[in-house]
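Here the structure is laid out as structure tokens; the discussion comes afterwards.
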Amino acid sequence: MKKNTTKTLTSFLLFVFLFCTSFSVQAQVSSENNTKSFFWDKVQFGGAFGLGIGNNYTNITVAPSAIYNFNRYFAAGLGIQYSYVKQKNFYESNLYGGSALALFHPIEQIQISAELEQLRVNTEYNSFYGGYRHDFWNTALFLGAGFRTNNVTIGVRYNVLHKDDDGVYADAFMPFIRVYF
């Protein structure tokens, strides 16, 4: 593993640990009626599910996440992701990892976002194409904006770390739909 990749992964895991630790400390504070903690009143769960099926092609993605609303303007959260991608007679790939997400709502209908995503990619190519494996880490930093109504946000995000011939995503721009309950 490259030195920069190790440093990035270590930094990401440290952030996740500190983020989760702060949540567990705050979760101990309960509301006056003791029926539900103050912490859980500000947590929302959501995420994404993707399914793409085509001409000998399959792409399945499951990406649950949770956010904590600090106030009506700021929220932050964590997510995990797993994707299975297969092009028949060409390659099969498994992608898994996590992300940290920050949301800003300058007004109720607008959402500005930043998301750091770290994925491990394991791809195995068919013997006709060399029969080799390509395993690597893919880091993405998405900056996005969207229109928000109730629990749904529709928008577009841009991967500032995108490289044309290196990585998971074919394009730096990516539309999104976020739903949190």
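Every read-out reported here was derived from the displayed coordinates using simple, explicitly stated rules and does not represent laboratory data. Keep in mind that this is a model prediction, so the values were computed, not measured. Counting neighbours? That spans all protein chains shown, and the Cβs are built from the backbone with ideal geometry, glycine included.
What's the magnitude of the charge dipole for the stretch 43-180 around its Cα centre, counting Lys and Arg as +1 and Asp and Glu as -1 at the beta-carbon? Answer in Debye, nearest 20.
Details: 9 positive and 10 negative charges, 68 e Å.
Here the size comes out at about 320 debye.
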Legend entry - Using θ = phi - 60° and Karplus 6.51 cos²θ - 1.76 cosθ + 1.60, couplings along the stretch 77-89 (whole Hz; Gly, Pro as x): x, 10, x, 10, 8, 9, 9, 10, 10, 9, 10, 3, 6
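Just want the ordering: Arg157, Arg120, Arg148, from fewest to most Cβ atoms lying within 10 Å of their own Cβ.
Working: Arg157 21, Arg120 14, Arg148 17.
The order, fewest Cβ neighbours first, is Arg120, Arg148, Arg157.
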Legend entry - 5 angstrom amide H check on Leu161, placed H, neighbours 5+ away: Leu141
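What is the calculated FRET efficiency for Lys88 to Trp40, with r their C-beta to C-beta distance and R₀ = 35 Å, to the nearest 0.05? Can you show the working numbers first?
Working: r = 45 Å, r/R0 = 1.28.
Approximately 0.20, to the nearest 0.05.
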Legend entry - Whole-Hz ³J(HN,Hα) from phi, Karplus 6.51 cos²θ - 1.76 cosθ + 1.60, for the stretch 163-170, glycine and proline x: 10, 4, 10, 8, x, 8, 8, 6
Inset, instruction - Tabulate in residue order the Karplus-calculated ³J(HN,Hα) for the stretch 112-127, using 6.51 cos²θ - 1.76 cosθ + 1.60 with θ = phi - 60°, rounded to whole Hz; enter x for Gly and Pro. - result: 10, 9, 9, 9, 9, 10, 10, 10, 8, 10, 10, 10, 10, 8, 4, 4
Inset, instruction - Would you mind checking which residues have amide H under 5 Å from Tyr91's amide H? H placed 1.01 Å from N; only 5 or more apart, or other chain. - result: Asn126
Inset, instruction - Return the distance in nm (one decimal) between the two label points of a simple spin-label model at Phe147 and Asn126, each offset 7 Å from Cα along Cα→Cβ. - result: 4.3
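Tally Lys and Arg at +1 and Asp and Glu at -1 over the other residues with C-beta under 12 Å from the C-beta of Gly54: what net charge comes out?
On the way: positive: Lys86, Lys88; negative: none.
Result for the neighbourhood of Gly54: +2.
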Legend entry - Interchain or long-range residues, amide H under 5 Å from Phe176's placed H: Gly155, Val156, Arg157
